[in-house]
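The values are calculated or read from the model by the stated rules, or taken from the named source; none is laboratory data. These numbers come from a predicted model, not from an experiment. Please note: Cβ atoms are built from the backbone with ideal geometry, for glycine as well, and neighbour counts cover all protein chains shown. Only protein heavy atoms, including side chains, enter the accessible area calculation; ligands, DNA and RNA are left aside. Shrake-Rupley method; radii C 1.70, N 1.55, O 1.52, S 1.80 Å.
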Amino acid sequence: MAPPSLNQQGFPLNNQGSADPLHHTSTLTPPAAVPLGALQTPDAAQLFYPDKNINPILVPRLRQEFGSMEDAYEFYKDYAKLAGFSLTTARTSKETRHWLCYRAGFHKSKKGDGEPNKTEKGSKKCGCPAYVKVKEDRKRSVWFFDHVQEAHNHALEPSPRMTRFMHAHKHLDEGISDIFNIMTRNGVSHQAALHVMSDLHEGRHMWNFTEKDIKNKKAEMGREERDDDLNKLLQFFRECKWNNEYFYWDVDADPDTGVVRNIFWSHASQRAEYKDFGDVVTFDTTHKTNSKRMPLAMFVGANNNLKNVTFGQALIGDETAGSFKWLFETFLNYMSGRQPHVILTDEDPAMRIAIGLVLKKSQHRNCRWHITRVWEYDLDQLYSQHKDKNLKERFESLINYPLGPTQFEVEWKNLVDECGIAEHPAIRALWDKRERWIATYFKGMYCGRMTSTQRSESQNRVLKDGYVNESTSLHMFAKRMLDSLQHADHMDAGETHYSQAEVVRASKAKFDEQLSRIYTRAVYKEYKKEYNNRTAFVIRANPDPTWWRIRKPVNIAASASNGIIQVRRIPERYILKRYTRDARQEVEWDRHDGVRIGGHASKEQSRLSKLLPKLMKLGRAGSRSDRACEETNRLLDKITPGVEMFPRSTDDEPSEPGQSSSGSKVTGTTVLSDGMLLLEPSVSRTKGRSPGKQTKNDVEHELDGNPLSTYTKENYGDRECHCCGVRGTHYSTTCPLNPDRSKAAEARTNKRAAKTVNKGPPRKRGRPKIIRQEHEGEELTHTQQEEETTPTSGNTRRGGRGRGRARRGS
């Protein structure tokens, strides 16, 4: 085949003899010629001078006099900002000062020759000769410029966008800084705070500081917040105690070392709420709420508006039976020994042991969700296998059916025998625990419509979403906890207020009219929904045209009572509208929880909060016109120097010597309590395995720790499942006893098992190592790679992704 014809540019021609339009026929244009002088390296001896357009009045001159050294410095600093360089001070004495360009001198490394730097950041020093020398004339009491060198050996940067990066020209106003500190302390995001700062300066281009300065300021605030954290926390407790004598707090410390292990506190309003609504309590712990990683434990209930109420809270060092025992005893001590009728928890064995030792009169129930969640995957498989027998609907109806214990056990046995699942592990486990979670065995007591720890879970979520996080210090955590209590009180007061309005009634019956007046709005809404479900009927046509068939729909809720509304004996304080906070016996104790000397335990901040509204009002009035703005500035400049002359107050501490409920007081950096120094709690180790602590175990060992603990410090770091205690076989994320075991984890386990059966042993964790021979450049085979990564080589990297700890359902 003959080669195609080409044109002058070398592109092929088509059948008509013209160049193919799909090919680019234009030639490349050569770049423009560059003068040789532009390619040469700049002369190292070249000098740079400030802009000649600078006002001569602002340029330093020899023998120029000033009233003080500070005035001379401010003058030269303003000139340096206009010229485009920063300055530093060197060779000072009583009579002279030398102010140099910030690029004067040369960098001297502290490391020896040949040692690499940890970072690639270089020094800006280049031996710049620019400087001024100011000298004092004591006879005339003036300062003057004795020498001025304007020339620099580097380019100047007079643009405002560049001078803000120079240290001498950075300026963050104290008032603006206080506003930023308030926003940061109250959880405003970093970008939102920057937006506010931008509005206050009419744009970010008007800043005299950088975003890095703001980040450093935020980090500095964080360090100040964490410094002396325990003393700040107890100081806040003492102020709460001083404002309300019914506030209570207590600390549990190690008797040998004095390290704080557990902290409990409860406000006066929480104690009052427990007296009113403490019959049923849910108790649970959650993590990632403070910088010490101490689990948060809260006692939660429900009030007459069906809202969550918190009776007390504690930060505990570990989730052991000993810690829970101390917490329950402290809680009962504050609540005058009154035990709740029912307490709901998850299946934590340490909680169960502590409740059995302390809350002997309380009925302990387990969370239904935590129990069924363990076997969720197995139950789904059973539901799919017995779909023809409608197992799922029948099983759930049996659990929710208001039967007696004897009848329930008979119906359970009939159902599992019919489906042939009596010996299934999931069914057997649920049956063995039936008396701890099925409502049938609790029909004789009031449980507040609670079958799970959902109220505790929701309260934990509220705190984490808007109040605290894993970097919150202990004293700020206590303050944020008070903020959440005040928010809950605000919402409860609003619900009580709106309950005064007339509601849409469910029927015209006399009893319904009475209930609509005495029930709270939330309770009546639940009653109305249940009433409509129990009185709903379906009318269908009958073959006999002389009459109609009226049938009540059968559902799980209504089929139990055959259409009759059952009324259970419920304490009046949980449902009646008249039982509001204003109608309670307020004379018994004061429910006020506020800290009167300042929201952040500082009189200075309290005074600032009083002045800010007036200053904002003055600012709005002064911004109405140019004349108002000028007059406001004139008056502020007139009164500010006189106000600044007042010394700082020395009586910002509480007027009353604070003491805890046990008589402890703060002294210096530690706390003296009963002759023992209290030290800050150490960072707690939560349940599960810490990243990077895994060790390889081929043999299953016996547990050798504290039997009352859900995890043991002796075994910390071993590959041990914290749910079942078995080592070397599985993680807690796939343990059948873990409440947080997910279907995804189970599916991954089954998938890996299938791969093991079909394709041999699974690949080692982590990315395989590729090693090339030094001279041949060939990759090792898969067998050689396995030999290279065996433990005997000493270079094995265990780990990779997927090693995070499993969390409990909190």
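Within segment 38-86, count every residue that is small (Gly, Ala, Ser), modelled with pLDDT under 90 and over 20 Å from Cys126 (Cβ atoms).
Count: 1.
Pull out all pairs, ordered by first then second residue, where Cβ-Cβ is under 6 Å, the residues are six or more apart or on different chains, the first lies in segment 151-179 and is free of Cβ contacts under 8 Å to residues at least 40 places away in the same chain, and the second is surrounded by 13 or more Cβ atoms within 10 Å (Cβ to Cβ).
His171/Asn208
For segment 280-308, which positions are over 22 Å from His370 (Cβ atoms) and over 21 Å from the mean Cα position of the chain (by Cα)?
Asn303, Asn304, Asn305, Leu306, Lys307
Within segment 518-537, how many residues turn out to be closer than 23 Å to Asn303 by Cβ and exposed (fewer than 13 other Cβ atoms within 10 Å of the Cβ)?
So the count comes out to 1.
Kindly indicate whether any position in segment 346-359 is over 28 Å from His287 (Cβ atoms) and buried (at least 20 other Cβ atoms within 10 Å of the Cβ).
Within segment 346-359 (the criterion being over 28 Å from His287 (Cβ atoms) and buried (at least 20 other Cβ atoms within 10 Å of the Cβ)), the answer is no, since none of the residues qualifies.
Quick one: Asn308 ticks every box in (1) open to solvent by 20 Å² or more (accessible area, probe 1.4 Å); (2) closer than 16 Å to Ile438 by Cα; (3) touching a helix residue (DSSP H, G or I) at 6+ places or on another chain (Cβ under 7 Å) bar one, so which box is it?
(2)
I'm trying to understand the selection: among the residues of segment 460-493, which are outside any helix (DSSP H, G or I) and closer than 22 Å to Val251 by Cα?
Val468, Glu470, Ser471, Thr472, Ser473
In this structure, is Pro31 part of a loop (DSSP other than H, G, I, E, B), of a type outside the set (Gly, Ala, Ser), farther than 24 Å from Lys125 by Cβ and at pLDDT below 90?
yes
Among the residues of segment 360-370, write down those that are crowded, with 20+ Cβ neighbours inside 10 Å, assigned to a helix (DSSP H, G or I) and among the hydrophobic types (A, V, I, L, M, F, W, C).
Within segment 360-370, none qualify.
Which condition from (1) more than 24 Å from the chain's Cα centre (by Cα); (2) under 30 Å from Trp369 (Cβ atoms); (3) not acidic (Asp, Glu) is the one that His267 breaks?
(1)
Which numbered condition trips up Ser452, out of (1) open to solvent by 20 Å² or more (accessible area, probe 1.4 Å); (2) touching a helix residue (DSSP H, G or I) at 6+ places or on another chain (Cβ under 8 Å); (3) modelled with pLDDT of 85 or more; (4) within 30 Å of Ile575 (Cα to Cα)?
For Ser452, the exception is condition (3).
Can you give me the number of residues within segment 432-449 that are exposed (fewer than 15 other Cβ atoms within 10 Å of the Cβ) and assigned to a helix (DSSP H, G or I)?
Counting residues in segment 432-449 that are exposed (fewer than 15 other Cβ atoms within 10 Å of the Cβ) and assigned to a helix (DSSP H, G or I) gives 2.
Could you tell me which numbered condition Asp378 fails, if it satisfies all but one of (1) more than 31 Å from the chain's Cα centre (by Cα); (2) closer than 30 Å to Val259 by Cβ; (3) of a type in the set (Asp, Glu)?
So Asp378 meets the others, but not (2).
Looking at segment 605-616, I want the residues that are farther than 16 Å from Thr640 by Cβ and have a partner that is open to solvent by less than 70 Å² (accessible area, probe 1.4 Å) and hydrophobic (A, V, I, L, M, F, W, C) with Cβ atoms under 7 Å, at least 6 apart or on another chain. Which pairs are those?
Here the result reads Ser606/Ile597, each pair linking segment 605-616 to a residue that is open to solvent by less than 70 Å² (accessible area, probe 1.4 Å) and hydrophobic (A, V, I, L, M, F, W, C).
List, please: which pairs have Cβ atoms under 8 Å, are six or more places apart or on different chains, and start with a residue in segment 630-647 that is under 18 Å from Gly175 (Cα atoms) and end with one that is open to solvent by less than 80 Å² (accessible area, probe 1.4 Å) and part of a helix (DSSP H, G or I)?
From segment 630-647, the pairs are Thr632/Leu618; Thr632/Gly619; Thr632/Ala621; Thr632/Gly622; Asn633/Gly622.
Report yes if some residue within segment 395-406 is open to solvent by less than 40 Å² (accessible area, probe 1.4 Å), over 27 Å from His424 (Cα atoms) and of a type in the set (Val, Ile, Thr); otherwise report no.
The answer is no, given that none of the residues of segment 395-406 is open to solvent by less than 40 Å² (accessible area, probe 1.4 Å), over 27 Å from His424 (Cα atoms) and of a type in the set (Val, Ile, Thr).
Arg140 - would you say it is assigned to a loop (DSSP other than H, G, I, E, B) and basic (Lys, Arg)?
Taking the combined requirement at face value, the residue satisfies it.
Give me the pairs, please: first residue somewhere in segment 450-469 and closer than 12 Å to Leu296 by Cβ, second residue anywhere and open to solvent by less than 20 Å² (accessible area, probe 1.4 Å) and aromatic (Phe, Trp, Tyr), beta-carbon distance under 8 Å, and either six or more positions apart or on two chains.
Qualifying pairs under 8 Å: Ser456/Phe283; Val468/Phe477.
Step by step: first the residues of segment 262-297, then only those that are of a type in the set (Lys, Arg) and under 20 Å from Asp489 (Cβ atoms), then the one that is surrounded by the most Cβ atoms within 10 Å (Cβ to Cβ). Which residue is that?
Restricting to residues being of a type in the set (Lys, Arg) and under 20 Å from Asp489 (Cβ atoms), the top hit is Arg271.
Spot the failing condition for Gln381; the list is (1) open to solvent by 20 Å² or more (accessible area, probe 1.4 Å); (2) polar (S, T, N, Q); (3) in contact with a Leu (Cβ under 9 Å, 6 or more places away or on another chain), and only one is missed.
Evaluating Gln381 over (1) open to solvent by 20 Å² or more (accessible area, probe 1.4 Å); (2) polar (S, T, N, Q); (3) in contact with a Leu (Cβ under 9 Å, 6 or more places away or on another chain) leaves (3) as the failure.
Can Arg428 be described as open to solvent by 20 Å² or more (accessible area, probe 1.4 Å), free of Cβ contacts under 8 Å to residues at least 12 places away in the same chain and over 30 Å from Arg338 (Cα atoms)?
The answer is yes for Arg428.
Is it true that Ile316 is buried (at least 24 other Cβ atoms within 10 Å of the Cβ), under 21 Å from the mean Cα position of the chain (by Cα) and among the hydrophobic types (A, V, I, L, M, F, W, C)?
When the stated conditions are applied, Ile316 does not pass them.
Please go through segment 149-176 and give me each residue that is open to solvent by 40 Å² or more (accessible area, probe 1.4 Å) and more than 21 Å from Glu74 (Cα to Cα), ordered by number.
Listed by number, the residues that qualify are Asn153, Ala155.
What is the one condition in (1) open to solvent by less than 40 Å² (accessible area, probe 1.4 Å); (2) closer than 20 Å to Arg573 by Cβ that Ser507 does not satisfy?
Condition (2) is where Ser507 drops out.
Any idea which residue in segment 69-82 is farthest from Met162 (Cα to Cα), counting only those that are open to solvent by less than 30 Å² (accessible area, probe 1.4 Å) and in contact (Cβ under 8 Å) with a residue 40 or more places away in the chain?
Ala72
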